[in-house]
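**Student:** So that we are looking at the same thing, I have put the structure below in structure tokens.
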Amino acid sequence: MKKKIHLAMCSAFLATGLYAQQIPPTPDDALRSAWFIPNGTARSVAIGGAMGSLGGDISAANVNPAGIGVYKSSEFVITPGMILNNNTYDYRGTNSSSNNAAFMYGPVGFVFASGNRKGSWSSSAFSLSVTQLASYNNHQTFTGFNDYSSYSEQFLEELVSYQGRGASESEASNLFPFGSSLAYNTYLVEGTFDNNGNLTGYASRANPATGLMQKYDETTKGGYHEISLGFAGSKNDKWYLGTSINIPVIGYNRQLIYSEDDATADTTNQFGYFDHLLRTKSSGVGINAKLGLIYKASNALRLGFAVHTPSYIGYRDDVYAEMSTETESYRQQKFQTSDEIIANNQDIPTRYYYGQITPYRVIASGSYLFTGAHSSQQKGFISADVEFVNYRGVRYSASNGESDGGYFSYLNDVIKDYYKGNVNVRLGGEMKFDVWMVRLGGAYYGSPYKDKELKASRAQISGGVGYRNKGFFVDLTYAQSFNKDVIFPYRLSGTPDQPVANTFADAKNSRANVLLTFGVKF
């Protein structure tokens, strides 16, 4: 099926040419720090991440910090892991696939607990941990035949709409270093003139009417890490209250190579191919807080509630771009030189600084424990979390507080129109057999997109085993996630009267996650 969708709500943003330049951030970047299945200890992942009302696990600092108050003894934890990605795509009726593997890790840190305290506060604890909540390591590539539109048309829209009058040839050559100027300087895009030699517009050599073979090849690396300092206490072993102060640390490297080739056998139509390379290195540091409580209604029933404040993250991005274009006989006839020309932004990455506010989260939880008169007789549990995330609440700002010519204003308006809030569900359980435990879990994260035509979701099933004896424990978990998303290789705005139906790839990702947690109590 040839996937196309009208994105009229993005027309104001597209008209500024921001997509043509690929300047970070874009609306697609908003989900990178908001829409993912959070990582945790092997025990936490094995039960689907449903830790909101259980506690007794260092992952609680990232979900509901009141769970740190369940601890009565101290412990050290380390969690190495591995992910394996398998990706499939449907782009304009052509199926493609890609695979990659990468190291990742869950929580590494300490919990320091003090029990048997005097007064109504029966215990207290604090934790210090580092966790990779999300991994960005992936390789996505797809190809397809397109006789409807070309990637190069975004450069035409940018040049024609510049400041409402259109860009001059000098401006076209110099003002758009990541896209349109590269296209102009490699003769992928050229000016059009009337009989008097006056510039009337721009045209591209890539002609979709005769057919184009398009290829999207993206490699990403890095992760979303969080340093957490959690504090919690237990009041009469009935109420558990806690908070954590967290420092998100983002590292993200992206290399995109987009290519279009002439699908015809005509070697005289003055277009062979073009390749556009975009390389981004992004780093960010921020801060947020998480607050929670757990109510122990009985030995069998626990209820939890937590709120995650938005994070404020300051980013620094370095961007580099390059383009090469094969014009067949055109340049040789006109300039007596090579048919292929390469242009870049002077081999020096351009640096951007900006801030991001991530969505808030609200989590309601419940657990039922199969236990006797004392918690030490616990034989297992069932636990569930229901989480609301306001994806449309992502906001960006220039680091100096200025509007940056309307860039961030347009960007934030598009995010409000493009995304929505949604509910995520996590469910899991454990059965205990003396020193051995068996666990199963699952989670579902719904689409963040407002448009129902954009089919997207994240689902995970998981299982694991655990061993606990004489102050030592080890947990092993295997989790398989099934992710659906859409990838727009480029976006065009068209006109208000004739909006363009943008084409996209249906992307499916199957990700295997293997985690091993070692811990020792002291």
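**Student:** On the given criteria, is residue 432 surrounded by 15 or more Cβ atoms within 10 Å (Cβ to Cβ) and more than 24 Å from the chain's Cα centre (by Cα)?
**Tutor:** Numbers: surrounded by 15 or more Cβ atoms within 10 Å (Cβ to Cβ): yes; more than 24 Å from the chain's Cα centre (by Cα): yes.
Answer is yes for this residue.
**Student:** While we're here: Within the set of pairs 6+ apart or on separate chains, which have a first residue in region 26-41 that is over 21 Å from residue 412 (Cα atoms), a second that is of a type in the set (D, E, K, R), and C-beta atoms under 8 Å apart?
**Tutor:** 37/458; 40/57; 41/57; 41/475
Each row is one residue, and each column tells you yes or no for (1) closer than 26 Å to residue 101 by Cα; (2) not polar (S, T, N, Q).
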{"site": "215", "(1), (2)": "yes, yes"}
{"site": "222", "(1), (2)": "yes, yes"}
{"site": "230", "(1), (2)": "no, yes"}
{"site": "234", "(1), (2)": "no, no"}
{"site": "238", "(1), (2)": "no, yes"}
{"site": "252", "(1), (2)": "yes, yes"}
{"site": "257", "(1), (2)": "yes, yes"}
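**Student:** Can you name every residue in region 186-203 that is touching a residue at least 24 places away in the same chain (Cβ under 8 Å) and surrounded by fewer than 20 Cβ atoms within 10 Å (Cβ to Cβ)?
**Tutor:** 199, 201, 203
**Student:** Right, next: Being of a type in the set (S, T, N, Q) and either touching a Gly at 6+ places or on another chain (Cβ under 9 Å) or not in a strand (DSSP E or B) (or both) is the filter here, so list the residues in region 78-95 that pass it.
**Tutor:** Within region 78-95, 79, 94 qualify.
**Student:** Moving on to the next point. Which members of region 158-184 meet the condition of being in a helix (DSSP H, G or I) and among the hydroxyl-bearing types (Ser, Thr, Tyr)?
**Tutor:** Matches in region 158-184: 161, 162, 170, 173, 180, 181, 184.
**Student:** Can you tell me which of 404, 417, 413, 385 is at pLDDT 95 or above and within 25 Å of the chain's Cα centre (by Cα)?
**Tutor:** Of 404, 417, 413, 385, the one residue that is at pLDDT 95 or above and within 25 Å of the chain's Cα centre (by Cα) is 385.
**Student:** Still on this structure: Filter region 235-252 down to residues that are touching a Ser or Thr at 6+ places or on another chain (Cβ under 7 Å) and either among the basic types (Lys, Arg) or assigned to a strand (DSSP E or B) (or both), then give me how many there are.
**Tutor:** To start, the set of residues in region 235-252 that are touching a Ser or Thr at 6+ places or on another chain (Cβ under 7 Å) comprises 235-237, 240, 244, 246, 248, 250-252.
Restricting the remaining residues to those that are either among the basic types (Lys, Arg) or assigned to a strand (DSSP E or B) (or both) gives 235, 240, 244, 246, 248, 250-252.
Total meeting the criteria: 8.
**Student:** Let me ask something else about it. For region 62-82, state whether one or more residues are touching a helix residue (DSSP H, G or I) at 6+ places or on another chain (Cβ under 7 Å), closer than 30 Å to residue 486 by Cβ, at pLDDT 95 or above and not acidic (Asp, Glu).
**Tutor:** no
**Student:** Might you check whether a residue that is polar (S, T, N, Q), touching a strand residue (DSSP E or B) at 6+ places or on another chain (Cβ under 7 Å), at pLDDT 90 or above and surrounded by fewer than 21 Cβ atoms within 10 Å (Cβ to Cβ) occurs anywhere in region 275-287?
**Tutor:** Of all residues in region 275-287, those polar (S, T, N, Q) come to 280, 282-283.
Still in the list and also touching a strand residue (DSSP E or B) at 6+ places or on another chain (Cβ under 7 Å): 280, 282-283.
Add one more test, that the residue is at pLDDT 90 or above, and what stays is 280, 282-283.
Now restrict to residues that are surrounded by fewer than 21 Cβ atoms within 10 Å (Cβ to Cβ): 283.
The answer is yes, given that some residue of region 275-287 is polar (S, T, N, Q), touching a strand residue (DSSP E or B) at 6+ places or on another chain (Cβ under 7 Å), at pLDDT 90 or above and surrounded by fewer than 21 Cβ atoms within 10 Å (Cβ to Cβ).
**Student:** Among the listed residues 129, 161, identify the single one that is among the polar types (S, T, N, Q), touching a helix residue (DSSP H, G or I) at 6+ places or on another chain (Cβ under 8 Å) and at pLDDT 95 or above.
**Tutor:** After ruling out the rest, the residue left standing is 129.
**Student:** State the number of residues belonging to region 29-75 that are within 19 Å of residue 104 (Cα to Cα), of a type in the set (Phe, Trp, Tyr) and out of contact with any Leu (no Cβ under 8 Å at 6 or more places or on another chain).
**Tutor:** 1
**Student:** Does at least one position in region 418-425 carry a residue that is surrounded by 16 or more Cβ atoms within 10 Å (Cβ to Cβ), of a type in the set (Phe, Trp, Tyr) and over 20 Å from residue 488 (Cβ atoms)?
**Tutor:** Within region 418-425, none of the residues are surrounded by 16 or more Cβ atoms within 10 Å (Cβ to Cβ), of a type in the set (Phe, Trp, Tyr) and over 20 Å from residue 488 (Cβ atoms).
**Student:** Could you go through region 156-165 and let me know if any residue there is in contact (Cβ under 8 Å) with a residue 24 or more places away in the chain and within 19 Å of the chain's Cα centre (by Cα).
**Tutor:** No, that holds for no residue.
**Student:** Checking residue 491 against (1) under 20 Å from the mean Cα position of the chain (by Cα); (2) in a strand (DSSP E or B), only one condition comes out false. Which one?
**Tutor:** Among (1) under 20 Å from the mean Cα position of the chain (by Cα); (2) in a strand (DSSP E or B), the lone unmet condition for residue 491 is (2).
**Student:** Which one is modelled with the highest pLDDT, of the residues in region 448-500 that are farther than 30 Å from residue 143 by Cα and basic (Lys, Arg)?
**Tutor:** 468
Matching residues to (1) farther than 30 Å from residue 209 by Cα; (2) in a loop (DSSP other than H, G, I, E, B):
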site	(1), (2)
48	yes, yes
111	yes, no
127	yes, no
133	yes, no
156	no, no
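**Student:** Go through region 27-61 residue by residue and tally those that are hydroxyl-bearing (Ser, Thr, Tyr) and touching a helix residue (DSSP H, G or I) at 6+ places or on another chain (Cβ under 7 Å).
**Tutor:** 1
**Student:** Among the residues of region 217-225, are any within 19 Å of residue 323 (Cα to Cα), in a strand (DSSP E or B), modelled with pLDDT of 95 or more and not β-branched (Val, Ile, Thr)?
**Tutor:** Within region 217-225, one or more residues are within 19 Å of residue 323 (Cα to Cα), in a strand (DSSP E or B), modelled with pLDDT of 95 or more and not β-branched (Val, Ile, Thr).
**Student:** Does region 185-192 contain any residue that is β-branched (Val, Ile, Thr) and in a loop (DSSP other than H, G, I, E, B)?
**Tutor:** Within region 185-192 (the criterion being β-branched (Val, Ile, Thr) and in a loop (DSSP other than H, G, I, E, B)), the answer is yes, since at least one residue qualifies.
**Student:** Starting from residues that are under 18 Å from the mean Cα position of the chain (by Cα) and surrounded by 18 or more Cβ atoms within 10 Å (Cβ to Cβ), keep the ones in region 457-474 and report whichever is farthest from residue 381 (Cα to Cα).
**Tutor:** Looking at the filtered set, the residue picked out is 458.
**Student:** Can you give me the number of residues within region 439-451 that are in contact with a helix residue (DSSP H, G or I) (Cβ under 9 Å, 6 or more places away or on another chain) and assigned to a strand (DSSP E or B)?
**Tutor:** Counting residues in region 439-451 that are in contact with a helix residue (DSSP H, G or I) (Cβ under 9 Å, 6 or more places away or on another chain) and assigned to a strand (DSSP E or B) gives 4.
**Student:** On the basis of being touching a helix residue (DSSP H, G or I) at 6+ places or on another chain (Cβ under 9 Å) and not in a strand (DSSP E or B), does residue 478 make the cut?
**Tutor:** Working: touching a helix residue (DSSP H, G or I) at 6+ places or on another chain (Cβ under 9 Å): yes; not in a strand (DSSP E or B): no.
Answer is no for this residue.
**Student:** Condition check: of a type in the set (S, T, N, Q), in contact with a strand residue (DSSP E or B) (Cβ under 8 Å, 6 or more places away or on another chain) and more than 19 Å from residue 499 (Cα to Cα). Does residue 196 satisfy that?
**Tutor:** It is false that residue 196 is of a type in the set (S, T, N, Q), in contact with a strand residue (DSSP E or B) (Cβ under 8 Å, 6 or more places away or on another chain) and more than 19 Å from residue 499 (Cα to Cα).
This table checks each residue for (1) in a strand (DSSP E or B); (2) in contact (Cβ under 8 Å) with a residue 40 or more places away in the chain.
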position	(1), (2)
233	yes, yes
255	yes, no
264	no, yes
268	no, yes
284	yes, yes
291	yes, yes
302	yes, yes
306	yes, yes
314	yes, yes
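The values are calculated or read from the model by the stated rules, or taken from the named source; none is laboratory data. The structure displayed is predicted, hence computed values, not measured ones. Every residue, glycine as well, gets a Cβ built from its backbone with ideal geometry; the counts of neighbours run over all protein chains shown.
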